[in-house]
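Some notes on the structure that comes next.
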Amino acid sequence: MKNGIEAMITDITATTAEAEDYTGEDGLLYCGKCHTPKEAYFAEGKTCFGRDRHPAECDCQRAAREKQQAAESRQKHLEKVEDLKRRGFTDPAMRNWTFEHDNGRNPQTETARFYVESWETMQAENIGYLFWGGVGTGKSYLAACIANALMEKEVAVCMTNFATILGDLAASFEGRNEYISRLCSYPLLILDDFGMERGTEYGLEQVYSVIDSRYRSGKPLIATTNLTLEELQHPQDTPHARIYDRLTSMCAPVRFTGSNFRKETAQEKQERLKQLMKQRKESL
């Protein structure tokens, strides 16, 4: 048994020499490629089963190992981000709504970028955003940009809307508390198109339950809405007042102004179509 253990340790402490390797003046084996040691002496002249040295990484071995580790780390990161985006968006198209794809025309892009850059502070101080303004002004797009950028940092974000939430709750009412708890477990929750949900008594109660639960969780919330700040500050009735009061106490209002980007895009497509039709007519 002892001879077997000794043989195993000797095999572990032995260094495999390549054809181009050589022995240096210090008696150690050197790499023939990078000319750095592939062996090192035990400290203080100690030995292990008669051997006075052990294997060591030469520079090119170390570089190869670090490159491999970096590739594996990168792959794990990509898989993590992909999983976060798959789980985090109820609309898969939003995965491509990123700062990199932004046209740079929205004046609130810097405000959105600031949120990502200051995420640790925003999270610690429970600061959210309330993106409000007209239809097509880029509120949802920049909210998704924030979500994507944080997911790239491996921060779990859920971006959804109350139409989806109410549909999910109606389909599985028995798991209502668990469903809301899961929403509140995300470090950041983004509610898109807030205020567009149906105003039934049941619907408003569920909306309040989600907003209130998020408020009590002490975690930040971002919401986008076509409602005006005046409408949010002066609600029409008590149920809406309860909801809006919670929302405005959690989120700093950010106004979106300017042109309707969706309408502009539609006009550009229409003009392009006219050009293509004209080109085809001329080619006939």
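Calculate the all-directions average of the projected area of region 77-264's alpha-carbon convex hull, and give it in nm². Can you show the working numbers first?
Details: hull surface 42.4 nm².
Averaged projected area of region 77-264's Cα convex hull equals 10.6 nm².
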- prompt: Going 7 Å from the Cα of Cys34 in the Cα-to-Cβ direction, what parts of region 63-106 have a backbone nitrogen less than 16 Å from that spot?
  reply: 63-71
message: How charged is the neighbourhood of Asn226? Take every other residue with its Cβ under 9 Å from the Cβ of Asn226, and add Lys/Arg as +1 and Asp/Glu as -1.
response: 0
- request: Please give the length that would be gained between Lys153 and His54 if that part of the chain were fully extended, namely 0.36 nm times their separation in residues minus their C-alpha to C-alpha distance (nm, one decimal).
  value: 31.6 nm
query: Given a Förster radius of 22 Å and the C-beta distance between Leu78 and Phe114 as r, what FRET efficiency does 1/(1 + (r/R0)^6) yield to the nearest 0.05?
result: 0.25
task: Please report how far the C-alpha centroid of region 134-205 lies from that of region 72-130, rounded to the nearest whole angstrom.
output: 15 Å
task: Run the dipole for region 77-264 about the Cα centre, Lys and Arg Cβ at +1, Asp and Glu Cβ at -1, nothing else charged, and hand back the magnitude in debye, nearest 20.
output: 120 debye
- prompt: Which of the peptides 85-91, 59-65 is most tightly packed, and how do the rest follow, judged by the mean count of other Cβ atoms within 10 Å per residue?
  reply: 85-91, 59-65
- prompt: Which value results when the Cα radius of gyration for region 61-115 is divided by 2.2 N^0.38 Å?
  reply: 1.65
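Cross-link list Lys85/Lys139; Lys33/Lys67; Lys76/Lys219; Lys153/Lys219: which exceed 24 angstrom alpha carbon to alpha carbon?
Violating the 24 Å limit, Cα to Cα: Lys76/Lys219.
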field: Peptides ranked, highest mean first, by Cβ atoms within 10 Å: ranges 18-24, 251-257, 125-131, 97-103
entry: 125-131, 251-257, 97-103, 18-24
query: Using θ = phi - 60° and the Karplus curve 6.51 cos²θ - 1.76 cosθ + 1.60, what whole-Hz ³J(HN,Hα) does each residue of region 17-34 get, with Gly and Pro shown as x?
result: 8, 8, 4, 8, 5, 8, 9, x, 5, 7, x, 8, 7, 10, 6, x, 9, 9
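Coordinate-derived values only; no laboratory data. Keep in mind that what you see is a predicted model, and the values were worked out from it rather than measured. Neighbour counts are summed over all protein chains in view; Cβ atoms, including those assigned to glycine, are modelled from backbone coordinates with ideal geometry.
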